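Trainee: Dropping a structure here in structure tokens format, bear with me for questions.
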Protein chains: 2
Amino acid sequence: MAAKRSGAGSKGSGRRGASPQSGQEQRSEPPLSLERIVATAVDLLDAEGVDGLKMRRLADRLGSGAMSLYWHVGNKEEVFDLALDSVLEYRGPSDIVESRDWRGEVVHMLEDWRASMLRHPWSASLLPRRALGPNILSRLELLSKTLSGAGVADADLNVAIWSLWNFVLGATITRANFDLSDDDRAAAQQRLTGLSQHYPTIERSRLLLDNDWDGAFRKGLDFLLDGLAPRQ
Amino acid sequence: MAAKRSGAGSKGSGRRGASPQSGQEQRSEPPLSLERIVATAVDLLDAEGVDGLKMRRLADRLGSGAMSLYWHVGNKEEVFDLALDSVLEYRGPSDIVESRDWRGEVVHMLEDWRASMLRHPWSASLLPRRALGPNILSRLELLSKTLSGAGVADADLNVAIWSLWNFVLGATITRANFDLSDDDRAAAQQRLTGLSQHYPTIERSRLLLDNDWDGAFRKGLDFLLDGLAPRQ
DNA sequence: TGATTGACTCGTACGGCGTACGATTAAATT
DNA sequence: AATTTAATCGTACGCCGTACGAGTCAATCA
């Protein structure tokens, strides 16, 4: 009845299925494995975006038939789940500066989180739709522990975590999707300038032209942390 | 060469295309129009979610053939654009309490924004992928004007606006997608409890089981506003 | 009036998608 | 040597967005 694999772990017994007799197709591809599938899916997503990931194309890159993938994963959704979580691993703050203040630690982890997602711009918009993988949970655990240790009241802890989650998620999704080309940017300016009688304030502050995303993230995060845990 | 319609405006000349001779099919559907297409698309999205919107199904609901839709819209993407913007109109604070404090005004608009998106849970995840429509820009303009009037420094204005945007977007997307069934919720608890040695803190605070989304939004927003514009 | 045009509708068809199903093969086990 | 298991893949099905072109009316023009 062909019970599929589902969890982790893969043997990886060396085997070759190239050509039965004539050595015409000596593609020396390694055998399929979950790891290889996920890594290749990430590459493909990076190169072609969410809509570019098709099972057939993924199989092409792996040098296998499309249906072979289904031995290792249940369906395409699972490929997304695994690709997403694989990209969100956190290695912790640099070992050198071991025990910084809690604020430094939170900021470091959240900036790393954002950076990881921006390195793979498809990941941010995928995050909210998928189950929480172990790497995501680890980050939340670290955040929770750090804030708790910093004196955030238990009653406020969940609010604080979700607020930071919301901020990071919103910032990253927005950044990843608003990465306009110069043409788009010019068009937006044009459009807004033409309508400046309707939107004078955001036109004046050049809201849509400001592209110091990193600075805005950092400053906004500081404001939020100020609100969550007033200094001293 | 059949130049398609693209912008707004639609004539809507009364006409009937029912059956040429035999009155067997006297479906008295009104004729197609952009408005009707968009309204029906919103209904369909509400009922079936993002993946449930298919051109054929939309046409079915409209009592028309699938290809007829393409006279009124360029492609499916445009249906999404129009449905999204149609759902984000803001009518302003209740007229009775005309001039509240700035904080009340900001909170009201942002809670309304979130509520509008939660009434149509597909809209939140669509928002970041689409161009800013007039209804969105109006909300940003109002936000900008209010904060500016409240004394937020010009240098901090964009950061403040984007921070609030990020917060609302993240909160709403998360809420809309985390709306687990009780079964899912039980499964998540099970899973987390089983792994509680790995994630003790978030397990203890019941982060994933906390159900008070509205309260968390309101409290988190308060914290953020505290950070952005320290009271007095 | 009859012919023409333009607005609108829709049947058919095409290429591409995810994946069910079953045949096939090679390795491991008995 | 016989059997079981792990893995691969060709074929096919149903569904999708939509290109294309033929139809149907109402309004306009000759």
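Trainee: Take the residues in region A:196-208 that are more than 8 Å from chain B (Cβ to nearest Cβ) and loosely packed, with under 15 Cβ neighbours inside 10 Å; name whichever of them is modelled with the highest pLDDT. Walk me through it before giving the result.
Mentor: Within region A:196-208, the first condition is being more than 8 Å from chain B (Cβ to nearest Cβ), and the residues that meet it are A:196-197, A:203-204.
Now drop any that are not loosely packed, with under 15 Cβ neighbours inside 10 Å, which leaves A:196-197, A:204.
Numbers: A:SER196: 67, A:GLN197: 74, A:ARG204: 87.
So, considering only residues that are more than 8 Å from chain B (Cβ to nearest Cβ) and loosely packed, with under 15 Cβ neighbours inside 10 Å, the one modelled with the highest pLDDT is A:ARG204.
Trainee: List the residue pairs whose Cβ atoms are under 9 Å apart, where the first residue sits in region B:143-156 and is free of Cβ contacts under 8 Å to residues at least 12 places away in the same chain, the second is in a helix (DSSP H, G or I) and acidic (Asp, Glu), and the two are 6 or more positions apart or on different chains.
Mentor: That search, which allows pairs on different chains as well, returns B:SER148/B:ASP154.
Trainee: Let me ask something else about it. Give me the residue from region B:33-78 that is away from DNA strand C (no atom under 11 Å from the Cβ) and surrounded by 18 or more Cβ atoms within 10 Å (Cβ to Cβ) and, out of that set, farthest from the chain's Cα centre (by Cα).
Mentor: B:LEU58
Trainee: Go through (1) assigned to a helix (DSSP H, G or I); (2) open to solvent by 60 Å² or more (accessible area, probe 1.4 Å); (3) at pLDDT below 95 one by one and return the number of the condition B:ARG175 breaks.
Mentor: Answer for B:ARG175: the failing condition is (2).
Trainee: With the requirement that a residue be among the basic types (Lys, Arg) and more than 7 Å from every other protein chain (Cβ to nearest Cβ), what does region B:135-149 give you? If you could, list the steps in order and put the result at the bottom.
Mentor: Filtering region B:135-149 down to residues among the basic types (Lys, Arg) leaves B:139, B:145.
B:ARG139 - this is the single residue of region B:135-149 that is among the basic types (Lys, Arg) and more than 7 Å from every other protein chain (Cβ to nearest Cβ).
Trainee: If you don't mind, another one. If I filter region B:70-85 for residues that are in contact (Cβ under 8 Å) with a residue 40 or more places away in the chain, touching a His at 6+ places or on another chain (Cβ under 9 Å) and not charged (D, E, K, R), do I get at least one hit?
Mentor: Looking through region B:70-85, at least one residue is in contact (Cβ under 8 Å) with a residue 40 or more places away in the chain, touching a His at 6+ places or on another chain (Cβ under 9 Å) and not charged (D, E, K, R).
Trainee: Could you count how many residues in region A:209-224 are facing chain B (nearest Cβ under 7 Å) and surrounded by 18 or more Cβ atoms within 10 Å (Cβ to Cβ)? It would help to see each step written out before you state the result.
Mentor: Step one: of region A:209-224, the residues facing chain B (nearest Cβ under 7 Å) are A:210, A:216, A:219-220, A:223-224.
Now restrict to residues that are surrounded by 18 or more Cβ atoms within 10 Å (Cβ to Cβ): A:216, A:219-220, A:223-224.
Number satisfying all stated conditions: 5.
Trainee: Tell me whether region B:150-158 contains one or more residues that are in a helix (DSSP H, G or I), out of contact with any Ser or Thr (no Cβ under 6 Å at 6 or more places or on another chain), more than 10 Å from chain A (Cβ to nearest Cβ) and surrounded by fewer than 19 Cβ atoms within 10 Å (Cβ to Cβ).
Mentor: Going through region B:150-158, the residues in a helix (DSSP H, G or I) turn out to be B:154-158.
Pick out the ones that are also out of contact with any Ser or Thr (no Cβ under 6 Å at 6 or more places or on another chain) and you get B:154-156.
From the residues that got through so far, the ones that are more than 10 Å from chain A (Cβ to nearest Cβ) too are none.
Within region B:150-158, not a single residue is in a helix (DSSP H, G or I), out of contact with any Ser or Thr (no Cβ under 6 Å at 6 or more places or on another chain), more than 10 Å from chain A (Cβ to nearest Cβ) and surrounded by fewer than 19 Cβ atoms within 10 Å (Cβ to Cβ).
Trainee: Restricting attention to region B:128-144, does a residue exist that is more than 12 Å from the chain's Cα centre (by Cα), polar (S, T, N, Q) and assigned to a loop (DSSP other than H, G, I, E, B)?
Mentor: no
The values are calculated or read from the model by the stated rules, or taken from the named source; none is laboratory data. None of these values were measured; they are calculated from a predicted model. Every residue, glycine as well, gets a Cβ built from its backbone with ideal geometry; the counts of neighbours run over all protein chains shown. Just the protein is used for accessible areas: all its heavy atoms, side chains included, with ligands, DNA and RNA removed. Shrake-Rupley method; radii C 1.70, N 1.55, O 1.52, S 1.80 Å.
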